[in-house]
Amino acid sequence: MLRLNRMTDYAIVILGHMAHDVGRVRTAAALSESTGVPVPSVSKILKIMTHASLITAHRGAKGGYSLDRPAAAVSMTEIIQALEGPIALTACVDGAEESCEVEHSCFMRGNWNRVNAAIHAALDAVTLADMMDPEEMFPDRSADGASRRQPSLQNA
């Protein structure tokens with residue numbers, strides 16, 4: 001099963017919270033309080049995201065961390081790779097951290113590269129801003145622009 005780890009999920013929540021006020025410096029404790037993510041996890045995530053240049057660390061008495069670019073400029077690929085490493089579905093795809101023992105005789109390698117590239121492209125196309133406002137990601141596409149929500153059962 002393909003699944004992001006909990007720390008990656010937390011990182012997206014933390015960055016989404018930071019994106020509401022780009023450039024504002026926040027402490028790990030303040031982010032923990034506002035997101036509900038435990039302080040030790042927030043601290044670890046902030047260090048990883050700083051190392052990946054997703055956020056900026058500020059030293060001193062009024063120190064903390066800030067997101068210094070708009071949410072629309074942060075892709076899901078960047079966040080996932082910062083927390084989990086290269087996106088590689090199998091050991092034989094380009095960019096995988098491990099090597100496959102049967103790569104030299106396997107006819108599936110090229111196909112896995114295509115699948116991996118499609119997933120990578122899909123994640124590149126989704127930004128932090130999209131995650132913060134899913135309505136923008138999936139706009140109403142009906143011909144008349146009417147809402148596609150189901151009618152209320154109260155009126156039935």
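At a glance:
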| read-out | value |
| --- | --- |
| For the stretch 5-63, size of Cβ-based charge dipole, Lys and Arg +1, Asp and Glu -1, in debye | 220 debye |
| Computed lengthening from residue 57 to residue 129, 0.36 nm per intervening residue step minus Cα-Cα distance | 23.8 nm |
| Extreme residue, positive dipole direction of the stretch 6-135, given options 8, 64, 121 (C-beta unit charges) | 64 |
| Pairwise label distance in nanometres, residue 89 with residue 114, each label 7 Å out on the Cα-Cβ vector | 1.1 nm |
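Where a number appears in this text, it was derived from the coordinates with a stated rule and is not lab data. The structure displayed is predicted, hence computed values, not measured ones. Note that we place each Cβ from the backbone using ideal geometry, even for glycine, and neighbour counts take in every protein chain shown.
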